[in-house]
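Below is one structure; the comments refer to it alone.
What follows is calculated from the coordinates using simple rules that are stated; it is not laboratory data. As the structure is a prediction and not an experimental result, all values here were calculated from the model. Please note: Cβ atoms are built from the backbone with ideal geometry, for glycine as well, and neighbour counts cover all protein chains shown.
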Amino acid sequence: MTFRERLRALPAFARPGLPELDPGAVPPSPHELFVAWMDQAIDGGLLAPQAATLSTADAAGHVHARTLVLKDVTADGWWFASQSTGPKGRDLAANPHAAMTFFWPELGRQVKVTGSAASAGPEASRADFLARPDASRAAGLVNRQSEPLASLAEYQRAFAEALRAVSADPELAATDWTAYVLAPTEVEFWQAPDDGPHVRLLYRADAEGWTRSLTWP
Ligand SMILES: Cc1cc2nc3c(=O)[nH]c(=O)nc-3n(C[C@H](O)[C@H](O)[C@H](O)COP(=O)(O)O)c2cc1C
């Protein structure tokens, strides 16, 4: 079988027992619906439901995307954290437009959150950094994410040194570590059905708050 044939032979996505998205029975804000969906994903034992694709673009419009983890959802938006000095931080400094895409295959769900991302400020960033386990703080302290690396041994040396530093000082935080908040202008919820059409529900921000509409699947 060719690679192309193997891809085509994969089973169709929809399967029995998927949850329903009833557009007439959703909360007024996408934040509430997202948290309800995430709760179902967590309770359902999904693997890493908090992982999302963060898409950014630089000033020239070149797009970059990578996986990271969601830290929180508040009235301000969807929270994530990273170094401000790496590629995604540079993209966001030049162009705050960004999107987070969640995919929960076991539930037949996708959520797209689109808007603009900004730093939540030094205090929130420091608190996020200090809440991480020592190994994650050490990795953050190394602070050279996405730079070319000559050898794994070079990283291991830098990591071991950073681990000693963070273990010795529980208050030590990387200054470039940044908590970001993606404030959405649009959030789309996508539900695959057991049978029938996909349901796409779009929340759009306007002066009054949030309006909801369906989108052709
Ligand atoms: C499941 C998963 C979770 C991740 N979580 C984060 C995260 O929360 N923050 C982060 O900076 N990188 C995280 N990464 C690493 C990023 O995908 C990426 O490699 C790194 O942030 C560099 O991205 P950039 O070069 O586009 O800036 C995660 C990767 C995976 C696969």
Exercise for review: Would you mind finding the one in Gly115, Gly121 that is in contact with a Leu (Cβ under 6 Å, 6 or more places away or on another chain) and among the small types (Gly, Ala, Ser)?
Suggested key: Gly115
Review point. Which of the residues spanning the stretch 98-132 are of a type outside the set (S, T, N, Q) and within 13 Å of the ligand (Cβ to nearest atom)?
Key: Ala98, Met100, Phe102, Phe103, Ala117, Asp128, Phe129, Ala131, Arg132
Practice item. Of the numbered conditions (1) surrounded by fewer than 15 Cβ atoms within 10 Å (Cβ to Cβ); (2) assigned to a loop (DSSP other than H, G, I, E, B); (3) touching a strand residue (DSSP E or B) at 6+ places or on another chain (Cβ under 6 Å), Met1 fails exactly one; give the number of that condition. Key: (3)
**Study point:** Selection within the stretch 38-97 - closer than 18 Å to Glu147 by Cα, in a strand (DSSP E or B) and more than 10 Å from the ligand (Cβ to nearest atom)
**Key:** none
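Which members of the stretch 132-146 meet the condition of being closer than 13 Å to Gln83 by Cβ and without any contact (Cβ under 8 Å) to a residue 60 or more places away in the chain? Walk me through it before giving the result.
Step one: filter the stretch 132-146 for residues closer than 13 Å to Gln83 by Cβ, giving 132, 136-137, 139-146.
Those that are closer than 13 Å to Gln83 by Cβ and without any contact (Cβ under 8 Å) to a residue 60 or more places away in the chain: Arg132, Ser136, Arg137, Ala139, Gly140, Leu141, Val142, Arg144.
Within the stretch 57-102, take every residue that is in contact (Cβ under 8 Å) with a residue 40 or more places away in the chain and farther than 24 Å from Ala205 by Cβ and give me the one that is surrounded by the most Cβ atoms within 10 Å (Cβ to Cβ).
The initial filter retains those residues of the stretch 57-102 that are in contact (Cβ under 8 Å) with a residue 40 or more places away in the chain, namely 57, 71, 73-87, 89, 92, 97-102.
Subset that is farther than 24 Å from Ala205 by Cβ: 82-87, 89.
Details: Ser82: 22, Gln83: 19, Ser84: 19, Thr85: 19, Gly86: 16, Pro87: 16, Gly89: 20.
Checked the stretch 57-102; the qualifying residue surrounded by the most Cβ atoms within 10 Å (Cβ to Cβ) is Ser82.
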**Study point:** Residue list for the stretch 150-183, filter: farther than 30 Å from Ala98 by Cβ and outside any helix (DSSP H, G or I)
**Key:** Ala150, Ser151, Asp169, Pro170, Glu171
